[in-house]
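The values are calculated or read from the model by the stated rules, or taken from the named source; none is laboratory data. Keep in mind that this is a model prediction, so the values were computed, not measured. Cβ sites come from the backbone with ideal geometry, for glycine too, and all protein chains shown count toward neighbours. The protein model used for the area step is the full one, side chains on, heavy atoms only, and it has no ligands, DNA or RNA in it. Shrake-Rupley method; radii C 1.70, N 1.55, O 1.52, S 1.80 Å.
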Amino acid sequence: MPQTDTDDRREIAPARLPDAYAHCAALVREHDQDRYIATLYAPEGSRPPLFALYAFSHEIARVRAMVSEPLPGEVRLQWWRDLLEGQPAGEAQAHPVAAALLDTIRRYRLPVAPLTALIDARIFDLYDDPMPSLRDLEGYAGETSSALIRLACIVLAGGRDPGGAAACGHAGVAYALAGLMRAFPWHAAEGQVYLPADILSRNGVTRDDIVRGRGGPGVLYTLKELREIARKHLRHLASLAETIPPALRPAFLPVALVEPYLRRMESRGYDPYRTIVTLPAWRRQWILWRAGRKG
């Protein structure tokens, strides 16, 4: 990819970069343990830029929790968009995630468009509108989770485009759907509804039902449909497994946790409003270790 006139403005003081990358690693370790563990299976030199990508994703995802109204959230997201589109790097010196991300973009020639699209997709998070349709939900997952896997693959390929966009797409959608279903109790309490309105309507459920903690069997039916859709994407990913070079596998490793998470949602006594769907740390580590060995 050719250099642009914004590249010079993305230079970050080298002395600050080790601390910036260390901050990203600590942030991911605390808030995104699945990706943190998976990144440990990447070559040592690739881990800091991967942590920078995942820390950026976390920073964007938590904007809603940092503001009381959508407008300040949009301002925060615009700051990131401006930074990526060429705002002088001096603005990033005091923000370690921004500094590490801009350095990663420069070193690995990452395309900026997927990063700004991720920001744009997250505007949805700031509002309480329901997700209109399954197609919209899969698009949201593609621009957030799938894009992150795609960018991680470029890092693992040393800055080259390694292909495999279809595999990244299916992997990201499956992982995002599982994550959104796991987060259902918190989203419902906050008035957020990521379950597609078209599927909810078919099952006789409205947004108000969900945010008021009701919905009955219709919510369970909707979640069951989404689990099957996530599994459909897992099957597509499995059919593309041979197209994923071994060097790229750390970017896909978190997807190994999707099926175990889905099975936990199918256990007896599952209540989407109260059940915390998680796995013990030792089991997650074992699943990722096994997936890493099997490829």
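The set of residues in segment 220-260 being outside any helix (DSSP H, G or I) and either under 18 Å from the mean Cα position of the chain (by Cα) or at pLDDT 95 or above (or both) consists of 240 alone.
Any idea which residue in segment 148-159 is farthest from residue 235 (Cα to Cα), counting only those that are crowded, with 20+ Cβ neighbours inside 10 Å and among the aliphatic types (A, V, I, L, M)? Give the derivation first.
Keep residues of segment 148-159 that are crowded, with 20+ Cβ neighbours inside 10 Å, which gives 148-156.
Those still in the list that are among the aliphatic types (A, V, I, L, M) too: 148-149, 151-152, 154-156.
Numbers: 148: 20, 149: 17, 151: 22, 152: 22, 154: 24, 155: 25, 156: 24 Å.
Residue satisfying both the conditions and the ranking: 155.
Among the residues making up segment 116-152, those that are among the hydrophobic types (A, V, I, L, M, F, W, C) and more than 14 Å from the chain's Cα centre (by Cα) are 123, 124, 126, 131, 134. Scanning segment 261-277 for residues that are within 30 Å of residue 41 (Cα to Cα) and modelled with pLDDT under 95 returns a single hit, 276. Output the residue which, of all residues in segment 157-199 that are among the acidic types (Asp, Glu) and over 22 Å from residue 104 (Cα atoms), is modelled with the lowest pLDDT. Ranking the qualifying residues of segment 157-199, first place goes to 190.
Condition check ((1) in a loop (DSSP other than H, G, I, E, B); (2) among the aromatic types (Phe, Trp, Tyr); (3) at pLDDT below 95) across all residues:
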{"site": "100", "(1), (2), (3)": "no, no, no"}
{"site": "110", "(1), (2), (3)": "yes, no, no"}
{"site": "120", "(1), (2), (3)": "no, no, no"}
{"site": "125", "(1), (2), (3)": "no, no, no"}
{"site": "130", "(1), (2), (3)": "yes, no, yes"}
{"site": "138", "(1), (2), (3)": "no, no, no"}
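Tell me which of these residue 239 doesn't satisfy, since it passes every other one: (1) open to solvent by 10 Å² or more (accessible area, probe 1.4 Å); (2) in contact with a helix residue (DSSP H, G or I) (Cβ under 8 Å, 6 or more places away or on another chain); (3) closer than 30 Å to residue 158 by Cβ. So residue 239 meets the others, but not (2). Pairs linking a residue in segment 33-55 that is assigned to a helix (DSSP H, G or I) to a residue that is among the polar types (S, T, N, Q), with Cβ atoms under 7 Å and 6 or more positions apart or on different chains, are 37/285; 47/39; 49/104; 50/39; 51/39; 52/104; 53/104.
A quick yes/no check of all residues on (1) at pLDDT 95 or above; (2) surrounded by 15 or more Cβ atoms within 10 Å (Cβ to Cβ):
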| residue | (1), (2) |
| --- | --- |
| 4 | no, no |
| 17 | no, yes |
| 23 | yes, yes |
| 26 | yes, no |
| 44 | yes, no |
| 49 | yes, yes |
| 53 | yes, yes |
| 85 | no, no |
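Taking the conditions (1) open to solvent by 50 Å² or more (accessible area, probe 1.4 Å); (2) under 21 Å from residue 131 (Cβ atoms); (3) aliphatic (A, V, I, L, M) in turn, residue 229 satisfies each one other than (1).
All conditions but one from (1) without any contact (Cβ under 8 Å) to a residue 40 or more places away in the chain; (2) farther than 26 Å from residue 268 by Cβ apply to residue 137; the one that does not is (1). Taking segment 23-81 as the range and being closer than 22 Å to residue 126 by Cα, among the charged types (D, E, K, R) and more than 13 Å from the chain's Cα centre (by Cα) as the test, the residues that pass are 64, 69, 74, 76, 81.
Among the conditions (1) open to solvent by 50 Å² or more (accessible area, probe 1.4 Å); (2) over 19 Å from residue 252 (Cα atoms); (3) modelled with pLDDT of 95 or more, residue 143 misses just one, which is (2).
Looking at segment 261-283, which of its residues are assigned to a helix (DSSP H, G or I) and in contact with a helix residue (DSSP H, G or I) (Cβ under 6 Å, 6 or more places away or on another chain)?
261, 262
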